[in-house]
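Scroll down for the structure; my scribbles are underneath it.
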Amino acid sequence: MVVQISTPVLNEVDVENLVGRVFLKSIDLLGGITKLAEYRTLTWLPSLARAAYVIVLKEEYLRTEEEIAGQVGLTRNTVRSIVRSDPQLALYKIEHIDELTAEARRELHVHVAGGIAKLAYKLVKEGEESQLLMELARSAGMEAVKVCDAPWAYIVLKRSKGIRYPLRSADPLLPALEGVKIKGYEASEVLSQLQYPIKTPAQLLHEIKEFLDMHAAS
């Protein structure tokens with residue numbers, strides 16, 4: 001008996017969101033925008049965006065190389081190269097970029113975009129979002145809680161700037177929130193009782209609020 005595997009339905013908003021997350025994580029893996037500018041390799045960004053799109057369509061939506069080529073506007077051979085790229089080899093080339101000439105750096109994007117996008121996709125699916133995305137979320141959260149009756153939330157977000165997500169434990173937060181009280185509780189006491197891993201600043205605030213609500217009801 002032949003088992004047919006149905007392919008997930010494409011939703012443009014969902015695709016764009018995931019591609020964007022993979023793209024930002026890819027930039028992280030390359031050292032960030034500042035590093036790309038330093039090496040004069042900002043021309044890599046379009047290739048990186050296309051590679052992120054290809055990997056998401058292949059891994060998340062199970063599209064064929066031919067389907068991806070038609071949707072992204074690449075040749076089938078280019079799609080195949082991206083899909084078959086080696087993340088570890090791409091990382092190796094990035095780690096030795098200092099040894100390359102400026103011309104070689106500009107050309108390297110063709111060979112590394114797929115591997116970096118594949119690794120970025122894997123990390124995003126495991127909960128390791130782009131640090132830039134986390135900082136944007138934190139900043140947006142700070143603006144939101146300014147108008148809410150939750151001063152502790154503003155303090156938590158402000159003091160936790162630069163903390164990398166996902167959080168596997170309270171350890172990274174403890175030094176940043178030392179001496180902070182959250183509605184009468186020591187921050188360390190609250191943090192030690194949260195459910196980890198915590199993947200985003202928004203989830204951190206949610207977990208803290210859950211702790212406060214639970215203890216308020218007891």
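Assorted remarks:
- Mean separation of Cα contacts under 8 Å (6+ apart) over length of the chain, as relative contact order %: 18 percent
- With respect to the chain, whose longest principal axis is taken over its alpha-carbon atoms, helix 44-55 is tilted by about 90°.
- Dipole of the chain computed with +1 at Lys/Arg Cβ and -1 at Asp/Glu Cβ about the Cα centre; of L173, Y53, I198, farthest Cα towards the positive end is Y53.
- Dipole magnitude (debye, nearest 20) for region 12-125, charges at Cβ of Lys, Arg, Asp, Glu: 80 debye
- 24 Å Cα-Cα reach of K158 towards lysines, excluding residues that sit fewer than 8 places from it in its own chain: K25, K146, K181, K183, K199, K209
- For region 131-217, a simple Cβ point-charge model (Lys and Arg +1, Asp and Glu -1, everything else neutral) yields a dipole of about 260 debye relative to the Cα centre.
- Exposure rule at most 16 other beta-carbon atoms within 10 Å, DSSP loop GluC sites (Glu not before Pro): the chain longest free segment: 1-125
- Charge tally in the Cβ shell below 12 Å around K161, where Lys, Arg are +1 and Asp, Glu are -1, K161 excluded: +3
- Shape call, region 18-134: gyration tensor on alpha carbons, a/c limit 1.5: oblate
- Average projected area [Cα convex hull, the chain], square nanometres: 16.8 nm²
- When +1 charges are put on Lys and Arg Cβ atoms and -1 charges on Asp and Glu Cβ atoms, the dipole computed for region 84-134 relative to its Cα centre reaches about 240 debye.
Any read-out appearing in this document is the output of simple, stated calculations on the displayed coordinates, not a laboratory observation. The structure presented is a predicted model; accordingly, all values stated were derived computationally and were not measured. Counting neighbours? That spans all protein chains shown, and the Cβs are built from the backbone with ideal geometry, glycine included.
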